[in-house]
Amino acid sequence: QFKDRRTNYAIEQIWERNTRNYYQNILNDPMSFTGQQGEMISMSVPKARKLVREAIAVITKQKLKFKSVMRTSDYSTWVDGKLSDAIISEILRKQKMDEKQDKLAEYAYILGTSFLWVTWDSEKGKSFQDEMGLPQKMGQAEIRVKHPNDVYYDYLHGDIEDIPWYTVRHKMNKWDLA
């Protein structure tokens, strides 16, 4: 019986600390100065972000994987498929898709929609010389995660795969444009 009283007391202390004191502090004093000379700020922060990040970590535990699909089985198609698989894995590695996957999943989890915006930049990539000896760039794919507020489309059209048009708002550095 003594052990049960200690357990009940411990549970009451936990409840007191986590419930009553937490909400009482938020309502009375959401921010206060602490420390020996008032150099620190103490405030209650909601744990929603932590809970969302834990859910995203579980959701994105498996990495993104893209694979080319071939409709025929002749040798040239098989070689093209292997080449495209290598190009896909190179793009995923260079574009740091693991980090973008987290952001994409977080937008989808919180806002209900998220977008990957893929563009081709002909001014980036490896340099080479063309037939005339002029320097050229090979170009490079750029993959960005866009916030749903930055993508405008006809949402009344129906399925998102069949949208007839879309506009993406993207801010650029003035030095990159120059």
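Loop only by DSSP, 15 or fewer other Cβ within 10 Å of the Cβ. Give me the trypsin sites (Lys or Arg not before Pro) in the stretch 83-122 that pass, ordered by residue number.
Passing sites in the stretch 83-122 are Lys96.
For the stretch 132-178, what is the accessible area per residue in Å² when the probe is 1.4 Å?
With all protein chains present, the stretch 132-178 gives 83 Å² per residue.
Residues of the stretch 112-144 with amide nitrogen under 13 Å from the 7 Å Cα-to-Cβ point of Leu177?
Under 13 Å, as judged by backbone N against the label point of Leu177, lies no residue of the stretch 112-144.
Out of the total accessible area of the stretch 80-120 (probe 1.4 Å, heavy atoms of protein only), what percent is carbon and sulfur?
On the stretch 80-120, the fraction of accessible area on carbon and sulfur atoms equals 58 percent.
Starting from 0.36 nm per residue, how many nanometres of slack lie between Lys63 and Tyr153 once their C-alpha separation is accounted for?
Gain on stretching Lys63 to Tyr153: 29.5 nm.
The values are calculated or read from the model by the stated rules, or taken from the named source; none is laboratory data. Small disclaimer: the values here were computed from a predicted structure and weren't measured. Reconstructed Cβ throughout: ideal geometry from the backbone, glycine too, with neighbour counts over all protein chains shown. We work out accessible area using only protein heavy atoms, side chains counted, and drop any ligands, DNA or RNA first. Shrake-Rupley method; radii C 1.70, N 1.55, O 1.52, S 1.80 Å.
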